[in-house]
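Note sheet for the following structure.
The values are calculated or read from the model by the stated rules, or taken from the named source; none is laboratory data. In this text the structure is predicted, and so the values were computed from the model without any measurement. Because the Cβ atoms are built from the backbone with ideal geometry, glycine has one as well, and the counts that use them run over all protein chains shown. What goes into the accessible areas is simple: the full protein's heavy atoms, side chains included, and nothing from ligands, DNA or RNA. Shrake-Rupley method; radii C 1.70, N 1.55, O 1.52, S 1.80 Å.
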Amino acid sequence: MTQMFGSPASYVQGKDVLFDSIAYLEKFGHKALLMADSVVYQIIGDRFKAYLDDHHIEVHKVIFRGEASPEEIDRITGIGREFGADVIIGLGGGKTLDSAKAIADNIQLPVAILPSLASTDAPCSRLSVIYHADGSFKEYRFYDKNPDLVLVDTRLVAGAPARLLASGIADALATNVEAQAVAKGDNATMLGAKQTLVGNAIAQKCEDTLFAYGHLALESVKQHAVTPALNKIVEANTLMSGVGFESGGLAAAHAIHDGLTALDGPIHELTHGEKVAYGTLTQLFLEGRSEAEFDRYLAFDLSLGLPTTLADLKIPDVTDEDLLKVGQQATAPADTMDRMPFKVTPDDVAQAMRGVDAYSRAYQARHAKQLKD
């Protein structure tokens with residue numbers, strides 16, 4: 001199998017760059033289908049549309065309805081074709097951006113990805129996570145190329161809730177854990193090829209950056225401040241993690257996230273990254289990591305307010321049967337559990353999830369007692 005590395009054609013990041021983006025966007029054409037959800041339009045999208053209008057880009061505004069499903073993708077694809085768009089612009093969060101990539105692929109148009117958050121690693125990749133209309137995981141959809149442009153306005157990111165930046169850190173923290181598992185098994189990446197040295201190195205640099213600057217960036221966002229630490233974490237969450245997960249590969253952490261979509265109830269109030277956080281801890285348990293190694297990730301997650309117990313996932317009374325459903329979904333052929341360097345069964349997943357829950361509760365109780373004493 002050959003080696004392969006993928007990345008967006010251009011990556012631009014900076015304060016207020018959204019309203020200094022015409023030089024990048026006009027290269028693609030002058031009829032843009034702009035898609036965002038209703039909240040993003042209220043926050044920034046309508047002002048951005050006016051900016052494009054002022055610079056002689058004809059814009060067709062489409063409101064994304066919230067789910068990266070085949071039905072929603074087909075609906076907006078039809079609108080884009082009827083309008084005669086020559087570029088698709090996705091503005092918003094992960095599902096909006098994943099849908100924009102799919103729509104651009106359907107019509108064979110350039111796609112510009114404009115994240116409003118640094119909460120997932122979706123923007124830079126040449127794939128989309130596709131869900132059923134009910135929000136359960138369906139499949140990964142792959143493309144021939146990465147986005148033509150990814151443009152991140154750090155002032156916009158700094159204005160978002162701190163919880164969403166923490167979610168992005170959690171998503172990015174899975175990158176190196178999964179990439180090293182893929183490397184150990186000499187398995188294929190999300191590009192259907194072997195890792196390159198640079199893909200693996202970016203995954204490691206992503207993790208190093210998260211541990212070094214994560215808390216500084218999170219405190220900055222709580223004050224909506226654009227700081228050097230925030231710039232580093234935005235790059236880690238978006239570019240390093242996006243390129244790193246794709247060219248490094250996914251394994252158990254994201255498969256377990258996908259497995260959690262098999263459950264009903266308030267767990268779906270959690271973000272993608274929050275569920276990935278528990279998936280990462282579960283992967284570490286599956287790997288049999290040492291207490292010292294596990295504690296490093298656990299303490300970091302706890303300090304960021306991320307889920308580390310089943311109660312945090314809003315499934316405190318989950319049954320063994322339901323955890324087995326998670327395991328069955330996580331180990332399904334369409335997912336990435338088979339990129340682990342050893343075979344993982346549905347029961348292995350269920351047992352490891354119980355193990356993470358028990359250890360985290362014991363760890364927190366132990367540390368609470370130490371503080372009290």
> Which of the lysines could a cross-linker span from LYS232 if the Cα-Cα distance has to be under 24 Å and same-chain partners fewer than 8 positions apart are dropped?
Replying inline: LYS15, LYS95, LYS205, LYS222, LYS275
>> Using a 1.4 Å probe on the protein heavy atoms only, what accessible surface does GLU26 show? Give it in Å² to the nearest 10.
In response: 90
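Under a point-charge model restricted to the Cβ atoms of Lys and Arg (+1) and Asp and Glu (-1), what is the dipole moment magnitude of the stretch 166-222 relative to its Cα centre, in debye to the nearest 20?
Details: 4 positive and 6 negative charges, 19 e Å.
In total the dipole reaches around 80 debye.
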>> Mean-square fluctuation check for the chain, GNM, Cα pairs under 10 Å: which of GLY265, GLY29, GLY355 is largest?
In response: GLY265
> Hey, what number do you get for the chain at 222 nm if only DSSP H runs of n ≥ 4 count, each worth -39500 (n - 2.57), divided across all residues, to the nearest 500?
Replying inline: -16000 deg cm²/dmol
> So if R0 is 35 Å, what FRET efficiency would ALA212 and ASP134 give, r being the distance between their Cβ atoms, rounded to the nearest 0.05?
Replying inline: 0.30
>> Can you compute the charge dipole magnitude of the chain about its Cα centre, using +1 on each Lys and Arg Cβ and -1 on each Asp and Glu Cβ, nothing else charged? Give it in debye, rounded to the nearest 20.
In response: 600
> What trypsin sites (Lys or Arg not before Pro) in the stretch 1-58 are in a loop by DSSP, with at most 16 other Cβ atoms within 10 Å of the Cβ?
Replying inline: LYS15, LYS27
>> For the chain, give me the percentage of DSSP beta bridges that are antiparallel, rounded to the nearest 5 percent.
In response: 20
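Please report the net charge: other residues with Cβ closer than 15 Å to the Cβ of THR2, K and R +1, D and E -1.
Details: positive: LYS194; negative: ASP186.
That sum, taken over residues with Cβ under 15 Å, equals 0.
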> Under 22 Å from the Cα of LYS31, which lysines turn up, not counting those fewer than eight places away in the same chain?
Replying inline: LYS49, LYS61, LYS101, LYS145
>> I'd like the Karplus ³J(HN,Hα) series for the stretch 229-244: coefficients 6.51, -1.76, 1.60, θ = phi - 60°, whole numbers in Hz, and an x wherever there's a Gly or Pro.
In response: 5, 5, 4, 5, 6, 4, 5, 5, 5, 9, 7, 4, 5, x, 6, x
>> Less than 10 Å Cβ to Cβ from ASP335, Lys/Arg counted +1 and Asp/Glu -1: what total charge do the surrounding residues give?
In response: -2
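How would LYS61, LYS222 rank on accessible area, largest to smallest, probe 1.4 Å?
Working: LYS61 85, LYS222 105 Å².
Ranking LYS61, LYS222 by accessible area, largest first, yields LYS222, LYS61.
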> Using alpha carbons only, how many degrees (0 to 90, rounded to 10) separate the axis of helix 346-372 from the longest principal axis of the chain?
Replying inline: 80
> If you roll a 1.4 Å probe over the heavy atoms of the protein chains, what accessible area per residue do you get for the stretch 14-87, in Å²?
Replying inline: 50
>> Please check: in the Gaussian network model of the chain (C-alpha springs, under 10 Å), which one of VAL129, VAL198, VAL276 has the largest mean-square fluctuation.
In response: VAL198
> Going from the alpha-carbon gyration tensor of the chain, what semi-axes, largest first and in whole Å, does one get by taking the root of 5 times each eigenvalue?
Replying inline: 34, 22, 19
